[in-house]
Amino acid sequence: MLRTNSLMAVVCVLMVGVVATGSRALAGVCPSFSIVSSDPADGFVDPLQDFNLAGDTAQGIDHIQVSFSCDPMDAGSGLAPTTANFWLQSTAGTPPTVTAVTPVGSSTTDFVITFDGPIPAGAWTTLYTDVVGPGGIALAEDADSVTIGFLPGDVDGSKVTTASDILYIVDMLNHIAGDLNDLPTCDVDRSGRCVASDILRVIDLFNGVATSRPWINVGLGEPPCNVDADCDDGDICTHDSCHLGACTNDPLDCHVETCDPSCIPDPMIQDDDCENAIRFGGAGTFTFDDSAATLDGPGHAECVAPANQNNFEDNMDADVWVCWTAPCSGNVFVETCDLANLDTKLAIYDGCDCPVGDANLLDCNDDTCALQSRVVAPVEAGHQYLVRIGVFPGTTAGSGAISFSCGLDVCHNSIDPCDTVHAGVGCSDSSCCETVCSVDPFCGDAVIGQWDDSCVAEAAGLCGGGFAVCGAVGSGSCNDLLGTGSPGCEDADCCNTLCSIDTYCCLNEWDNVCAEEEAQFCRSACGSGDCFTARSTPGCESDSCCAQVCRRDPFCCGGPDYVNGPDQPPSPGYWDALCVQMAQELCQP
């Protein structure tokens with residue numbers, strides 16, 4: 001839902017590396033034929049919503065404008081670029097198809113490459129081209145592609161979605177961080193302006209409301225390296241992301257001047273000794289074969305499955321090893337669940353030094369999913385970790401597959417209830433866990449976090465039908481600028497709405513900050529005018545429809561519009577065409 005005619009006019013900024021080689025230059029005509037810029041830029045990450053508020057229309061970047069250093073028309077054939085010269089690849093999901101290549105005005109160097117749909121969310125997508133320039137000069141290595149990402153909710157640009165993104169957009173609205181005119185960053189609901197409703201939309205995205213999945217604690221990692229051009233042909237490796245796993249045989253060799261020609265795209269994990277562990281990185285599913293392996297690692301108490309406590313099998317048989325480089329910062333899930341017909345055991349260690357021991361063990365597991373295993377550990381992008389794959393002692397070894405999923409949250413791996421304090425992070429109700437962690441990241445932080453009493457209280461209020469302190473008789477007015485002196489306030493609906501954003505107001509105290517937030521999130525001018533007709537006054541006649549729309553965009557009910565900038569006073573909102581569009585999506589039977 002845009003207030004401007006073009007999303008891409010406001011969504012994109014770009015940067016692309018230009019590589020020139022003298023042997024590829026055509027003297028006097030095109031000194032260095034390459035892509036010199038694009039819109040959106042190489043490395044840009046779209047943080048806006050992936051679906052409209054009704055959840056029935058996918059949204060996102062569906063075209064890229066590229067600028068070549070000179071006319072890409074082949075001097076011999078006189079042919080301009082076509083769809084056959086461009087294609088897309090994504091690190092996850094299905095990439096769209098290039099449907100049109102259109103010159104920008106009368107330019108012979110600028111072209112808009114249009115797709116048949118938006119790029120996949122939660123992934124990097126690379127646009128490749130094999131266009132040739134004057135005299136048949138092909139693009140220089142590493143200048144033949146543009147890579148952009150799509151991570152809904154990543155407004156702070158960290159490539160990982162956490163509650164800090166909510167705080168960042170709040171700071172933007174308070175003119176503390178960023179720029180309210182930077183719509184590609186803060187216009188999360190794609191409305192054409194940055195307002196309080198964008199905070200709510202980030203929370204919705206983290207909770208999985210009107211989106212493809214909950215986006216809390218999801219990481220993109222580093223953009224992929226162009227393996228064909230950079231890593232397995234002996235050329236100089238120019239992408240920093242190469243050493244994070246593009247060259248899967250030995251990612252470190254890919255970060256020196258000459259890439260290792262033996263880089264392979266699909267390694268087989270079968271190295272029997274820790275010292276000879278195969279090296280690769282990145283997320284994905286890889287094959288292993290431990291049928292010829294012997295035991296090489298120690299036992300750990302953590303490796304004993306609860307069902308085997310009496311047997312105390314703290315080790316494994318037939319272990320094979322991986323030195324894995326993390327492509328992201330966050331949590332990694334390594335598992336054989338539904339990927340092997342073996343009774344597997346797994347362990348993950350910090351670093352790739354051998355031998356291993358309890359001191360660097362991060363996690364060990366037996367039988368998380370039937371007879372298969374899953375380990376979870378906090379990781380840092382670019383750091384190395386040893387992963388050990390084996391079978392339960394006395395059982396048959398063999399071949400199977402193992403998956404590495406980086407940046408996932410902890411809400412799908414806990415067995416502890418949400419209403420009980422426990423030493424670990426997350427809780428067994430994944431939906432409630434994601435809701436709590438979206439407003440309090442400590443509850444899901446695998447490095448320093450814990451599901452403490454605050455997390456339990458937040459779960460009760462956010463997942464259990466509301467906070468008990470909301471609506472209590474005598475608790476005080478929600479808009480008392482001095483605060484109530486205690487948690488909560490008398491208006492239950494307003495209290496619960498605000499505490500779903502700022503739990504401090506219900507767990508600690510309804511202070512003057514909560515009272516100021518009340519004016520932004522609770523007040524409305526519902527009760528006058530047709531909800532499906534735009535006008536210059538706020539609100540509409542249907543209280544229920546008005547409340548739904550104004551919760552998304554307080555501007556529709558008279559809330560302030562700060563898009564004029566920090567030096568200008570905010571203008572009062574009104575029921576405009578976007579409010580009508582939201583009403584049609586949210587309120588029509």
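FYI, it's all coordinate maths here, none of it is from the lab. This one's a predicted model, so the numbers in the text were calculated from it and none came from an experiment. Here the Cβ is made from the backbone with ideal geometry for all residues, glycine too, and neighbour counts use every protein chain on show.
Assorted remarks:
- Maximal additional length on extending the Ser405-Asp452 stretch stands at 14.3 nm, based on 0.36 nm per residue less the C-alpha distance.
- Using the average count of surrounding beta-carbon atoms within 10 Å as a protection proxy, the listed peptides 507-513, 394-400 rank, highest first, as 507-513, 394-400.
- Mean separation of Cα contacts under 8 Å (6+ apart) over length of region 430-521, as relative contact order %: 24
- Relative contact order (percent, whole number), region 321-392, Cα cutoff 8 Å, 6+ residue spacing: 50
- Considering only region 266-406, percent of DSSP beta bridges that pair antiparallel, nearest 5: 85
- Label zone at Ile415 (point 7 Å along Cα-to-Cβ), backbone N below 11 Å, region 341-367: 366-367
- Contour minus Cα-Cα distance for Thr82 and Asn360 (0.36 nm per residue): 94.7 nm
- Spin-label proximity, Ala534 to region 181-211 - amide N less than 17 Å from point 7 Å beyond Cα toward beta carbon: 190-194
- Each residue, Glu380 and Ser428, gets one label point 7 Å from its Cα in the Cβ direction; the gap between the two is 3.5 nm.
- Fewest-first sequence of Lys159, Lys345 by Cβ atoms within 10 Å of each Cβ: Lys159, Lys345
- Arranged from fewest to most other beta-carbon atoms within 10 Å of their beta carbon, Leu183, Leu48, Leu482 become Leu482, Leu183, Leu48.
- Fewest-first ordering of Met268, Met582, Met172 by other beta carbons within 10 Å of each residue's beta carbon gives Met268, Met172, Met582.
- Between Gln584 and Ser477, full extension at 0.36 nm per residue minus the direct alpha carbon distance yields a gain of 35.2 nm.
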